[in-house]
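Participant: The structure that follows is given in the form of structure tokens.
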Amino acid sequence: MALPVTVSAAHFDPWVIMESGQCFRMVPLAGGACEAVAFGEAVRLTRAAFDRLWRAYFDLDTDYAAMLAAAPAGDGFLARALTAAHGLRILRQDPWETLCGFILSQRKNLKAIRTGMEALCEACGAPVLGTARRAFPTPHRLAAMDEPALRALGLGYRAPYLLDAARRVADGRLNLDLLAALPDGLLQAALLTVSGVGVKVADCVMLFAYHRLSRAPVDVWIRRVIDCAYGGVSPYEGYGPYAGVYQQYQFMCIRDGQLPETR
DNA sequence: CACCAGGCAGTGC
DNA sequence: GCACTGCATGGT
């Protein structure tokens, strides 16, 4: 299985496009920012923010075409999923926010998770300039909350789990930055020390924050994929170093109600 | 009104 | 080690 070639920086650089002469309402702003107006709407980026955050966040420097081309052959449902969810990328999210998000996610659907995360940010997150929204709370801010206050946000039995995570990170027992250097086994073990974090949540943090692309988190939807399309036998051990990427396409597919038909 | 959701910890065997 | 159970609450 070939490594995905890192194609010349992303095939996406707004500043190159801005100077390409093909459009005239994409303009440089003071401080090196870029603003594009089209179809009556505007997007704004600073060079620093794009290079420092968004390029990495959306994993723009990875060639997904090459990675998907390396997918195992002869897998009907996988082939269908890769087509159905075209354009999907695995984000490189902030480990702390990702950890909280997936602690919060257990036995909730996507909309309910969003509601819970938004409530957390409203309760103790800092304002984001230029928007009506708030950033995700820092570990210290979250650690300063008490359990009843968190339960009042509708978080239920996950409230003490979040508090345990916040306290561990805030007092240094769990250093999420240092974890990035650990091999998969040690990284997983460290995440599992947090109350409310089991194998599935740890896999999600490893995949969506630490970019460990071989991790394939099994939730109820993926359980359904395994049962319906693979006769109850998990195929993910045979999917190679990008199992988590391929599986994520399948997750989208099955959750959107597309029945698995291996063929 | 039911039933489900990107699970986990605790318990019993 | 594996099977079972209770857990809180919003979305559908």
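What follows is calculated from the coordinates using simple rules that are stated; it is not laboratory data. None of the values given here were measured: they were computed from a predicted structure. A quick note on method: Cβ atoms are made from the backbone with ideal geometry, for glycine too, and the neighbour counts reach across all protein chains shown.
Participant: For A:ALA33, list long-range residues whose amide hydrogen, built 1.01 Å from N in the peptide plane, is under 5 Å from its own amide hydrogen.
Facilitator: Those lying under 5 Å, H to H, from A:ALA33 are A:ARG47.
Participant: At 0.36 nm per residue, minus the direct Cα-Cα distance, what do A:VAL16 and A:VAL128 gain on full extension? Give it in nm, one decimal, please.
Facilitator: Extra length available between A:VAL16 and A:VAL128 comes to 37.5 nm.
Participant: Rank-order A:220-229, A:99-108 by packing density, defined as the average count of other C-beta atoms within 10 Å over each peptide's residues, highest first. Show your work: numbers first, answer last.
Facilitator: Numbers: A:220-229: 16.5, A:99-108: 20.6.
Listed from highest to lowest mean packing, they are A:99-108, A:220-229.
Participant: To continue, here is another question. Relative contact order for chain A: what is it in percent, counting Cα pairs under 8 Å that are at least 6 residues apart? Don't jump to the answer; show the numbers that get you there.
Facilitator: Values: 312 pairs, mean separation 48.8, N = 263.
Reported as a whole number, the value is 19 percent.
Participant: Place a label point 7 angstrom from the Cα of A:ARG25 along the Cα-to-Cβ direction, then list the residues of segment A:41-77 whose backbone nitrogen is under 12 Å away.
Facilitator: Within reach of a label on A:ARG25: A:41-43.
Participant: Which residue, A:GLY244, A:GLY87, A:GLY32, tops the fluctuation ranking in a GNM of chain A built on C-alpha contacts under 10 Å?
Facilitator: With Cα springs under 10 Å in chain A, the top fluctuation among A:GLY244, A:GLY87, A:GLY32 is at A:GLY32.
Participant: If you take the C-alpha gyration tensor of segment A:29-136, multiply each eigenvalue by 5 and take the square root, what semi-axes do you get, largest first, in whole Å?
Facilitator: Values: eigenvalues 176, 116, 37 Å².
Value: 30, 24, 14 Å, ordered largest first.
Participant: Next up: Which semi-axes, in whole Å and largest first, does the equivalent ellipsoid of segment A:166-263 have when worked out from the alpha carbon gyration tensor as the square roots of 5 times its eigenvalues? Write down the numbers at each step before the final one.
Facilitator: Values: eigenvalues 174, 36, 22 Å².
Equivalent ellipsoid of segment A:166-263: 30, 13, 11 Å, largest first.
Participant: Suppose the chain between A:ALA144 and A:ASN109 were pulled fully straight at 0.36 nm per residue; how much longer would it get relative to their current alpha carbon spacing?
Facilitator: This chain segment gains 9.9 nm when fully extended.
Participant: In square nanometres, what is one fourth of the surface area of the convex hull spanned by the alpha carbons of segment A:88-192? Could the numbers behind the result be given before it?
Facilitator: Numbers: hull surface 31.2 nm².
Result: a mean projected hull area of 7.8 nm².
Participant: Measuring from a point 7 Å past the Cα of A:ALA84 along Cα-to-C-beta, which residues in segment A:226-247 have an amide N at less than 14 Å?
Facilitator: Only A:226-230, A:247 fall inside the zone, counting backbone N under 14 Å.
Participant: Moving on to the next point. Return A:PHE50, A:PHE12 ranked ascending by Cβ neighbour count within 10 Å, so the fewest neighbours appear first.
Facilitator: Working: A:PHE50 20, A:PHE12 12.
So the residues, fewest neighbours to most, are A:PHE12, A:PHE50.
Participant: So, one more: Hey, got the Cα dimensions of chain A along the principal axes, in Å, largest first?
Facilitator: Principal axes ranked by extent give 55, 52, 35 Å for the Cα atoms.
Participant: Packing-wise, with mean Cβ within 10 Å as the measure, how do A:181-189, A:206-214, A:66-74 rank, highest first?
Facilitator: On the way: A:181-189: 12.6, A:206-214: 21.2, A:66-74: 14.6.
In decreasing order of mean packing, A:181-189, A:206-214, A:66-74 become A:206-214, A:66-74, A:181-189.
Participant: Could I ask something else about it? Counting only C-alpha contacts under 8 Å and six or more residues apart, can you give the relative contact order of segment A:1-111 as a whole percent? Could the numbers behind the result be given before it?
Facilitator: Working: 82 pairs, mean separation 29.9, N = 111.
The normalised contact order for segment A:1-111 reaches 27 percent.
Participant: Arranged by the count of other C-beta atoms within 10 angstrom, fewest first, what order do A:CYS124, A:CYS204 take?
Facilitator: Working: A:CYS124 19, A:CYS204 22.
By the 10 Å Cβ count, ascending: A:CYS124, A:CYS204.
Participant: While we're here: Kindly put A:ILE254, A:ILE90 in sequence by how many other C-beta atoms sit within 10 Å of each C-beta, fewest to most. Could the numbers behind the result be given before it?
Facilitator: Working: A:ILE254 22, A:ILE90 19.
The order, fewest Cβ neighbours first, is A:ILE90, A:ILE254.
Participant: Next up: Would you calculate the volume per residue, in Å³, of the smallest convex hull containing every Cα atom of segment A:155-214? Intermediate values should be presented prior to the final figure.
Facilitator: Values: hull volume 4.8 nm³, N = 60.
Once divided by residue count, the hull of segment A:155-214 is 81 Å³.
Participant: Report the far tail of the P(r) of segment A:117-169, meaning the percent of Cα-Cα pairs longer than 15 Å.
Facilitator: Details: 591 of 1378 pairs.
Tail fraction, whole percent: 43.
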